[in-house]
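The values are calculated or read from the model by the stated rules, or taken from the named source; none is laboratory data. It should be emphasised that the depicted structure is a prediction, and the values quoted were computed from it without experimental measurement. Using ideal geometry, Cβ is built from the backbone for each residue, glycine included, and neighbour counts are taken over all protein chains shown. With ligands, DNA and RNA removed, areas are computed over all heavy atoms of the protein, side chains included. Shrake-Rupley method; radii C 1.70, N 1.55, O 1.52, S 1.80 Å.
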Amino acid sequence: MIKKIHVFICIIGLMFASMAQTQDRMLELETRLKELSNQIPGLKQPIDFSVSGVSLQEFLRGMAETNSININVDPSIDVKIYNNFSNESVLNVLLFICKEYSLDIRNVGSILSVVRYVPPVAEKPAPKAKEFLVTYSAYSDLLTLDLKNDSLDAVAKKITQVTKKNVILASGVRGHLVSGYVEDMPFEGALQKIAFANKLKMSKTTDNFYVLQPLDETEDPLNIVTEAKNKKKPKKNNQGNNTNGGMNTMGQGTAEASLDVEITGDSLGPKLINLEAISTPINEIIKTVAEELKASYYLYSEVKGNATIRVNNVTFDQLLTNLLNGTDYTYRKESNVFLIGERKLEGLRAYKVVQLHFRSLESVQETIPSELKKGVEVKEFKELNSILLSGSLPQINEIEAFVRQVDKVVPMVLIEVIMMDVRKSKSVSTGISAGIDSSAKTGGSIFPGLDATFSSKSINNFLSFVGINNLFNIGKVSPSFYVKLKAMEDNSNVEVRSMPKLSTLNGHDANLSIGSTRYYYVETQNTLGTLTTSTIKTKQWNPVEANLSINFKPMVSGDDQVTMEVNVNISDFLENTSNDAPPASSKSQFKSIIRVKNEDMVILGGLERTQKSDGGSGVPILSRIPIIKWLFSSRTRSKSKIVSVVFIKPTIIY
């Protein structure tokens, strides 16, 4: 019974997991289709369909033709549709079909492709590699291994990575498992012991590769190790006698040290050095080579440490440079005498002034890597645009070589900008107004537009003229009566043009801002106290800015192309609708990244702003009657349009 319950719980869990996976898939599909609906408007159109037993291909083809949608259906899908859709969007219908029949929708541009849904296959995590211990000291050539049934392939790879000595496998030992533990043994001895413990043999090639091979049936592992030890070739010491290399105790184990020096060349040319040293003290290498060359040298301090080195046909200078590189020691040559010792000692310190020709002092000093500046004092010399270096001469030369590489001509970019605002406006004002005003006087203009005021005297003269010879008497108006006639049309076409020029170094920003500020009055009133109240009024003028600002950041490429980040903000004041309101303003902004060839011009913008207004006043009812309304109302209509265009021309100046 308990087993059945467990099975039932597992089935329920799988069902819920499948439902959650389906829900996530449909949400992702819905999001994708909604994004495509901006590109394919037909997905938002409502449809009415009632089908029974129609193939999926025919159903989608009819829906696609009706709503101008490009749909491709997998011909292998064998589905019959029995549905009734009323006033439902195409997008929701597609989602329903995909969920009902386990389908999926893919798209290429605006083309939709309906295919069968294939659930993703969960990837199995890769097995974790087994860890084993491999440590190596390059200073003493000692190796430590802790292996237990580990793959020989992985062991050889890790030994090569840790020791930087190439260990390769013969074809017959791949996939072999090895075990063994050695601690702080010389590298070759450790490999021989591990090979012996796992029935293998190790051999070294002439180009310093270590090869692990399987044993022959007739070979004895113990004899192989003994023979390999006896085959060590004797090396020459610094007097030329044959020895076994001289044993030096280093670290916790014993490594075989040897030194072989050979001098070539004649009196007419430079003497060259052929040297091979294994775990030999650096101090001994320098003394031996100097004696063979009969070179003069002076040791400021004892040079500690061992070195393993092999060089052919090098000079003493090159040998010292490579031998002391990465140590706390250096050398300097004065009058054919080699001065050797610690870098910080007074006799080995060097000073050099490196003058910059094209770059600024601050920008170059920040780019010098910290590894190069370690142990070297770097100071600024602003008056000469130079840096003063104090320390080891090889490091100083290395820093100087780096500075010369970055001290290049930085191109300057001259940016010419033409900003043009074309403003077109049109306004029409018509109407008749009359009233009582004792100060009204006759005056105004009749041409090119009618805007005139007639006083009571002018009106009475006109009425008297109309009633000539007393044929009829129209009467007179009040002495303070006036009439104002207005019929005007204004058109304006204004072009505002500005041509700023900006210059900046490659990769740096260039900014320009021109504008104006207006203020509006704000009065606030605060009441303080509870029983006895007091009122405090605060008056403040708040600013509102309207600016024209441009920001450029040019980047010059090697093919005389200029990539620019352009940010333009244009704001302007508009007419206020109320005297108490803050100044009205309009704003246009665009940001773009463009690529322009040197001295080519690009056009940006084309921003258009349009403003319309239609207002009027008049006598109620009478101002709405056709024809008569012109006598009892006044109207004003205006329309304005502003177009902003920006022309940009970069010029590279070296």
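Quick notes on this structure:
- Scanning the stretch 56-81 for residues that are open to solvent by less than 90 Å² (accessible area, probe 1.4 Å), part of a strand (DSSP E or B) and not β-branched (Val, Ile, Thr) turns up Asn70, Asn72.
Okay, residues lined up against (1) in contact with a helix residue (DSSP H, G or I) (Cβ under 8 Å, 6 or more places away or on another chain); (2) acidic (Asp, Glu); (3) at pLDDT below 75:
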site	(1), (2), (3)
Phe481	yes, no, yes
Ala487	no, no, yes
Ser498	no, no, yes
Asn511	no, no, no
Gly529	no, no, yes
Ser534	no, no, yes
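- Qualifying residue in the stretch 125-134 (condition: assigned to a strand (DSSP E or B) and either under 30 Å from Leu147 (Cβ atoms) or in contact with a strand residue (DSSP E or B) (Cβ under 9 Å, 6 or more places away or on another chain) (or both)): yes
- A count restricted to the stretch 502-522 and to residues that are within 30 Å of Val645 (Cα to Cα), open to solvent by 60 Å² or more (accessible area, probe 1.4 Å) and in a strand (DSSP E or B) stands at 8.
- Taken over the stretch 274-297, residues that are in contact with a Leu (Cβ under 6 Å, 6 or more places away or on another chain) and over 21 Å from Asp328 (Cα atoms) amount to 0.
- Counting the residues of the stretch 404-427 that are closer than 30 Å to Ile642 by Cβ, among the charged types (D, E, K, R) and open to solvent by 40 Å² or more (accessible area, probe 1.4 Å) gives 4.
- Candidate set: the stretch 116-137, residues that are at pLDDT below 85 and open to solvent by less than 80 Å² (accessible area, probe 1.4 Å); chosen: the one farthest from Asn306 (Cα to Cα): Tyr117
- Residue match in the stretch 83-103 (condition: under 30 Å from Ala190 (Cα atoms), in contact (Cβ under 8 Å) with a residue 12 or more places away in the chain and open to solvent by 20 Å² or more (accessible area, probe 1.4 Å)): no
- Test: residue in the stretch 233-245 that is modelled with pLDDT of 80 or more and either buried (at least 17 other Cβ atoms within 10 Å of the Cβ) or in a loop (DSSP other than H, G, I, E, B) (or both): no
- Of all the criteria given as (1) touching a strand residue (DSSP E or B) at 6+ places or on another chain (Cβ under 8 Å); (2) open to solvent by less than 50 Å² (accessible area, probe 1.4 Å), the one not satisfied by Asp328 is (2).
- Selection within the stretch 156-171 - touching a strand residue (DSSP E or B) at 6+ places or on another chain (Cβ under 6 Å), open to solvent by less than 60 Å² (accessible area, probe 1.4 Å) and not hydroxyl-bearing (Ser, Thr, Tyr): Ala156, Lys158, Ile159, Val162, Val167, Leu169, Ala170
- Filtering the stretch 392-406 to residues that are closer than 12 Å to Ala350 by Cα and out of contact with any helix residue (DSSP H, G or I) (no Cβ under 9 Å at 6 or more places or on another chain) leaves Ile396, Asn397.
- Among residues of the stretch 523-566, those that are open to solvent by 50 Å² or more (accessible area, probe 1.4 Å) and either in contact with a His (Cβ under 6 Å, 6 or more places away or on another chain) or assigned to a strand (DSSP E or B) (or both), counted: 19
- Qualifying positions in the stretch 186-205 - open to solvent by less than 20 Å² (accessible area, probe 1.4 Å), in contact (Cβ under 8 Å) with a residue 12 or more places away in the chain and over 14 Å from Val173 (Cα atoms): Phe187, Ala190, Leu191
- Options Leu384, Leu388, Leu372: the member that is at pLDDT 80 or above and in contact with a helix residue (DSSP H, G or I) (Cβ under 7 Å, 6 or more places away or on another chain): Leu372
- Only listed residue being of a type outside the set (S, T, N, Q) and within 39 Å of the chain's Cα centre (by Cα), chosen from Asp78, Asp104: Asp104
- Look at (1) open to solvent by 40 Å² or more (accessible area, probe 1.4 Å); (2) in contact (Cβ under 8 Å) with a residue 60 or more places away in the chain and you find that Asn336 fails only one, number (2).
- The residue pairs whose first member lies in the stretch 277-296 and is within 16 Å of Gly341 (Cα to Cα) and free of Cβ contacts under 8 Å to residues at least 24 places away in the same chain, whose second member is among the β-branched types (Val, Ile, Thr) and open to solvent by less than 10 Å² (accessible area, probe 1.4 Å), and whose beta carbons are closer than 6 Å, counting only pairs six or more residues apart or on different chains, are Asn283/Val303.
- Residues being in contact with a helix residue (DSSP H, G or I) (Cβ under 7 Å, 6 or more places away or on another chain) and open to solvent by 30 Å² or more (accessible area, probe 1.4 Å) - total across the stretch 271-292: 1
- Candidate set: the stretch 391-401, residues that are surrounded by 15 or more Cβ atoms within 10 Å (Cβ to Cβ) and of a type in the set (A, V, I, L, M, F, W, C); chosen: the one modelled with the lowest pLDDT: Leu393
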